[in-house]
Amino acid sequence: MKIEKIKEEKKKNKLSILLKDTDEVFANAIRRLILEEVPTLAVEDLEIKENNSALYDEFIGLRLGLIPLKTDLKSYNLKEKCKCERAGCAQCELKITLKSGSKKGYVYAEDAQSADPKCVFAHPKMPIVKLLSKQKIDMTMTAILGTGRNHVKWSPGWAYFKKEPVLTVGKVSNPELVAEKCSDGVFTLKNKKLEVNEEKVYDSQLLDYYSELDKGITVELTDNIIFTLESWGQLSCKEILSKSADIFIDKTEEMEKLI
Ligand SMILES: [Zn+2]
């Protein structure tokens, strides 16, 4: 199998790669490993000392659970695999405190204090609650490693794939019409001729529509697969992919022993 990088958007935590000489079964196995098996840190327990804000305790608890937490896979173990035998230690639990003090207005993810400076909330300006004067929150969270199989809050991102499209433009009868209907930048009209913007073709959802619009435009699918991964922020796209590959190897070895 060959892998080529198509596009990496670091600001959006998004990565697209082209897989050659493989099939959808393999791509789907990797997709499911990413969604369900690559572990991340997420808030699991919450001790509330004070909360007289407009949001119920449970409501804030749900919000905190779903805020992506930067994860250092080298330093943390899954609780069930930790040496402490589920008792809870620095290798399987992370304490985070959130205290509003006399602060009024929005309390953001960045206001939380993590015991591990490497593992903080990934999006600092994510609002948690809005406080009026005299309203306060004071809580301690415990985050643990987990997998998306148990709860989606531990999923590291979203992954999807499709076959590689090849767009061919032949004799187009009405290029003006196609250019007018084109809303995703795939075509531009130059001297009454359609020009294809190749970098937009892979992202386009309208290729079939263009081919119906004019017989001069054809779309064919190759056997290559475009695999796209968006990280929620806990891990980088590269970390997610290499961890999913490790898990894949572990699982095949496990299966080999069973056969
Ligand atoms: Zn432990």
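The values are calculated or read from the model by the stated rules, or taken from the named source; none is laboratory data. Since we're looking at a predicted model, the values are computed, not measured. We place every Cβ from the backbone using ideal geometry, glycine too, and count neighbours over all the protein chains shown.
For Glu80, the conditions (1) within 16 Å of the ligand (Cβ to nearest atom); (2) touching a helix residue (DSSP H, G or I) at 6+ places or on another chain (Cβ under 7 Å); (3) part of a helix (DSSP H, G or I) are fulfilled apart from (2).
For segment 103-138, name all the residues that are surrounded by 19 or more Cβ atoms within 10 Å (Cβ to Cβ), in a loop (DSSP other than H, G, I, E, B) and aliphatic (A, V, I, L, M). Within segment 103-138, Ala112, Ala122 meet the criteria. For segment 39-70, a residue qualifies if it is out of contact with any Phe, Trp or Tyr (no Cβ under 7 Å at 6 or more places or on another chain) and either within 16 Å of the ligand (Cβ to nearest atom) or charged (D, E, K, R) (or both), and the qualifying residues are Glu44, Asp45, Glu47, Lys49, Glu50, Asp57, Glu58, Arg63, Lys70. Of all residues in segment 91-102, at least one satisfies being away from the ligand (no atom under 16 Å from the Cβ), part of a loop (DSSP other than H, G, I, E, B) and surrounded by fewer than 16 Cβ atoms within 10 Å (Cβ to Cβ).
Entry remark, segment 23-58: residues being over 23 Å from the mean Cα position of the chain (by Cα) and either in the same structural domain as Lys163 (by TED's automatic domain parsing) or among the hydrophobic types (A, V, I, L, M, F, W, C) (or both) number 4 in total.
Number of residues in segment 152-192 that are out of contact with any helix residue (DSSP H, G or I) (no Cβ under 7 Å at 6 or more places or on another chain), of a type in the set (D, E, K, R) and farther than 30 Å from Leu241 by Cα equals 4.
Cβ separations smaller than 6 Å between residues 6+ apart or across chains give the following pairs from segment 56-73 residues that are more than 20 Å from Pro124 (Cβ to Cβ) to residues that are modelled with pLDDT of 95 or more and not in a helix (DSSP H, G or I): Asp57/Ile48; Asp57/Asn51; Gly61/Leu46. If the condition is being within 27 Å of Ala122 (Cα to Cα) and without any contact (Cβ under 8 Å) to a residue 40 or more places away in the chain, then segment 8-31 contributes Glu9, Lys10, Lys11.
Hey, does segment 199-206 have a residue that's at pLDDT below 95, more than 26 Å from Lys20 (Cα to Cα) and assigned by TED's automatic domain parsing to the domain that holds Leu19? Looking through segment 199-206, none of the residues is at pLDDT below 95, more than 26 Å from Lys20 (Cα to Cα) and assigned by TED's automatic domain parsing to the domain that holds Leu19.
Checked against (1) within 16 Å of the ligand (Cβ to nearest atom); (2) out of contact with any strand residue (DSSP E or B) (no Cβ under 7 Å at 6 or more places or on another chain); (3) touching a residue at least 12 places away in the same chain (Cβ under 8 Å); (4) charged (D, E, K, R), Lys118 passes all but condition (1). When segment 210-241 is filtered for residues that are among the hydroxyl-bearing types (Ser, Thr, Tyr) and either over 20 Å from Ile6 (Cα atoms) or modelled with pLDDT under 95 (or both), the ones remaining, listed by number, are Tyr210, Ser211, Thr218. Please state which of the following conditions Gly88 fails to meet, knowing it meets all the rest: (1) more than 16 Å from the ligand (Cβ to nearest atom); (2) at positive phi; (3) more than 24 Å from the chain's Cα centre (by Cα). So the condition that Gly88 fails would be (1).
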